[in-house]
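The values are calculated or read from the model by the stated rules, or taken from the named source; none is laboratory data. Remember, predicted model here, so these are calculated numbers, not experimental data. In this analysis, Cβ positions are derived from the backbone assuming ideal geometry, glycine residues included, and neighbour counts consider all displayed protein chains.
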Amino acid sequence: MVEHAFQGLPNEACGLLAGPDGKVEAFYPMTNADHSDMTYRLDAKEQLRVFNEIEEKGWNLQAIFHSHTHTEAYPSETDRRQAFYPEAHYLLLSLSDHDSPVLRGYTIRDGQIEEQDVVVR
């Protein structure tokens, strides 16, 4: 995810994480269709392809990832409004300090943000 985020600069990067039983088995880097350093939108064709693959494998969408290029790893007002998957976690990676990227996780339900522990194994 960190590599994908740096490759996406100067724009925000995005992607999906999926797997069975609450576990993440795969990260799907996606194109930011907004091509913006302030917002992201998953490319619709890529999103459909990935959702079909997740379904074929019997997996679930576990998390939606995107980077913030100049701000902290905390959901913006836009992130809050566009949190269309309340069952998913939202992983935000801040690149405001290129030498020390920060990854944080959240749930966003009905506009309410709750930070979650992120464990990388």
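Just to be sure, is residue 10 in contact with a Phe, Trp or Tyr (Cβ under 6 Å, 6 or more places away or on another chain), over 20 Å from residue 109 (Cβ atoms), surrounded by fewer than 19 Cβ atoms within 10 Å (Cβ to Cβ) and not small (Gly, Ala, Ser)?
No: the conditions fail for residue 10.
Identify the residue in the stretch 20-79 that is under 16 Å from residue 1 (Cα atoms) and of a type in the set (S, T, N, Q) and, among all such residues, is surrounded by the most Cβ atoms within 10 Å (Cβ to Cβ).
Among them, the one singled out is 67.
Under 8 Å between Cβ atoms, at least 6 apart or on separate chains: pull out the pairs that start in the stretch 19-31 with a residue that is outside any strand (DSSP E or B) and end on any residue that is surrounded by fewer than 13 Cβ atoms within 10 Å (Cβ to Cβ).
That search, which allows pairs on different chains as well, returns 20/58.
Kindly indicate the residue of the stretch 83-112 that is among the acidic types (Asp, Glu) and farther than 26 Å from residue 10 by Cβ and also surrounded by the most Cβ atoms within 10 Å (Cβ to Cβ) among those meeting that condition.
My answer is 87.
Which of the residues that make up the stretch 93-117 are closer than 16 Å to residue 61 by Cα, touching a strand residue (DSSP E or B) at 6+ places or on another chain (Cβ under 8 Å) and not polar (S, T, N, Q)?
Passing the criteria: 105, 106, 108.
Just the residues that are more than 18 Å from residue 4 (Cβ to Cβ) and either touching a Lys or Arg at 6+ places or on another chain (Cβ under 6 Å) or outside any strand (DSSP E or B) (or both), please, taken from the stretch 109-121.
110, 111, 117, 119, 121, listed by residue number.
For the stretch 83-108: of the residues being aliphatic (A, V, I, L, M) and outside any loop (DSSP other than H, G, I, E, B), which is farthest from residue 23 (Cα to Cα)?
Filtering the stretch 83-108 for residues that are aliphatic (A, V, I, L, M) and outside any loop (DSSP other than H, G, I, E, B), the one farthest from residue 23 (Cα to Cα) comes out as 102.
From 15, 22, 58, grab the single residue that is small (Gly, Ala, Ser) and modelled with pLDDT under 95.
22 is the lone residue from the list that is small (Gly, Ala, Ser) and modelled with pLDDT under 95.
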